1. Do we have any residue at all in region 183-193 that's among the aliphatic types (A, V, I, L, M), open to solvent by less than 20 Å² (accessible area, probe 1.4 Å), within 17 Å of Phe4 (Cβ to Cβ) and touching a Leu at 6+ places or on another chain (Cβ under 6 Å)?
2. If Ile243 meets every condition in (1) crowded, with 20+ Cβ neighbours inside 10 Å; (2) modelled with pLDDT of 95 or more; (3) among the hydrophobic types (A, V, I, L, M, F, W, C) apart from one, which number is that one?
3. Only residues that are assigned to a loop (DSSP other than H, G, I, E, B) and open to solvent by 30 Å² or more (accessible area, probe 1.4 Å): list them for region 300-312, please.
4. For region 20-32, indicate whether the set of residues that are among the small types (Gly, Ala, Ser), free of Cβ contacts under 8 Å to residues at least 40 places away in the same chain and surrounded by fewer than 24 Cβ atoms within 10 Å (Cβ to Cβ) is non-empty.
5. Could you check Gly154 against (1) farther than 24 Å from Arg250 by Cβ; (2) touching an Asp or Glu at 6+ places or on another chain (Cβ under 9 Å) and say which number it fails?
6. Please list, ordered by first then second residue, the pairs with beta carbon atoms under 6 Å, 6 or more apart or interchain, first in region 96-118 and farther than 21 Å from Lys133 by Cα, second hydroxyl-bearing (Ser, Thr, Tyr) and buried (at least 22 other Cβ atoms within 10 Å of the Cβ).
7. Among the residues of region 71-82, is any open to solvent by 20 Å² or more (accessible area, probe 1.4 Å), free of Cβ contacts under 8 Å to residues at least 60 places away in the same chain and within 23 Å of Tyr141 (Cα to Cα)?
8. Is there a residue in region 313-324 that is assigned to a loop (DSSP other than H, G, I, E, B) and surrounded by 15 or more Cβ atoms within 10 Å (Cβ to Cβ)?
Amino acid sequence: MWKFHMFLPVRNGTIPVSAGEGDTPLRPVRSYPRLRNVWVKDETRNPTGTFKDRGASLAVTRLSQLRVRKLVLASEGNAGCSFALYSQMSGIRCRVYLPNDANMKKVELSGKLGAKVTEVEGTISDAGREAAKTAKRTGEYNASTFVTPFRHDGKGTMALEICEQLGWESPDYIVYPVGGGVGLVGMWKMFKILQRLGWIRERPRIIAVQPKGCSPIVDAYNKGRTDVAEWKSPNTIAKGLKIPKPLAGRWILESLRESRGLALKVSDREIHNAMFNVAKRDGLLVEPSSAAGFAAILKLHETGTIDRKDSLVVIATGSGLKTLEQF
């Protein structure tokens, strides 16, 4: 992703903390034969198997320049693995707070990559509060979602790559499973920049997808609200999307409105079926949070929201190899 360093908030001549993240494939999806123009941005090919590596690479690079030596963050699992890897590469001490129902393989990997891992009773919101307390008490840098400003631009490089891979055209739609919303906000920012530069003619419409058991963004957007209410008793197999109140709620809603976007819910059963479907037909192993995006495609087609001529890019956010117990 660092070939796009001129779009990122780093100094000229920066040597990035990089493990080869980015430049992931954009390939056709065959799981939906009625639709001709469905593509997947396969972020499972990143070093720790998730698009979180983009944000972690940029954040740790910038924090290293700012002489940060200790950081703390809250994570449902994937971000913890990413920051553990990049922090270890740069010599920064990393502390990760995770909800106690996080996928065990993610908890284990974070620890093996050198992070100090603490499990917290409750949700990612509770983990976030513990991370904030620790940062305030110890002076460690809080690298949690939308507390640090350095993660969303890293994920925004997906937009740059997608347009480049399509010959500097944008797709009609981006299908994005929304948890914390870092990638959605970052990509929308980059799409706007590309259009201003004249590199693309049109910007895509963004389709936000959440599970029925935790869909605060979908409810807020479809009811015309400007902020997000906290979801009570979140429950879904898509643990990366189990975020009761995204800190960036206002920015996510604003991005959706600017893109004339859509927001819809999918059930856990639909998510589970989508995991099997794309594994069998496309050889793509995705975790439940990623599968939510694929689960939305059939609904979009069946309701007439999209048709065969529309081009869609689904973001496969994370590998299913860390969530095999959920297959």
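1. Checked against the condition, which is being among the aliphatic types (A, V, I, L, M), open to solvent by less than 20 Å² (accessible area, probe 1.4 Å), within 17 Å of Phe4 (Cβ to Cβ) and touching a Leu at 6+ places or on another chain (Cβ under 6 Å), region 183-193 yields at least one hit.
2. (2)
3. Thr303, Gly304, Thr305, Asp307, Arg308, Lys309
4. Yes; the residues of region 20-32 include at least one that is among the small types (Gly, Ala, Ser), free of Cβ contacts under 8 Å to residues at least 40 places away in the same chain and surrounded by fewer than 24 Cβ atoms within 10 Å (Cβ to Cβ).
5. With respect to (1) farther than 24 Å from Arg250 by Cβ; (2) touching an Asp or Glu at 6+ places or on another chain (Cβ under 9 Å), Gly154 is out only on (1).
6. Pairs found: Asn103/Thr323.
7. no
8. Yes, region 313-324 has at least one match.
The values are calculated or read from the model by the stated rules, or taken from the named source; none is laboratory data. Not measured: the values here are computed from a predicted model. All Cβ positions, glycine included, derive from the backbone under ideal geometry; neighbour counts span all protein chains shown. For accessibility, only protein heavy atoms count, side chains too; no ligands or nucleic acids. Shrake-Rupley method; radii C 1.70, N 1.55, O 1.52, S 1.80 Å.
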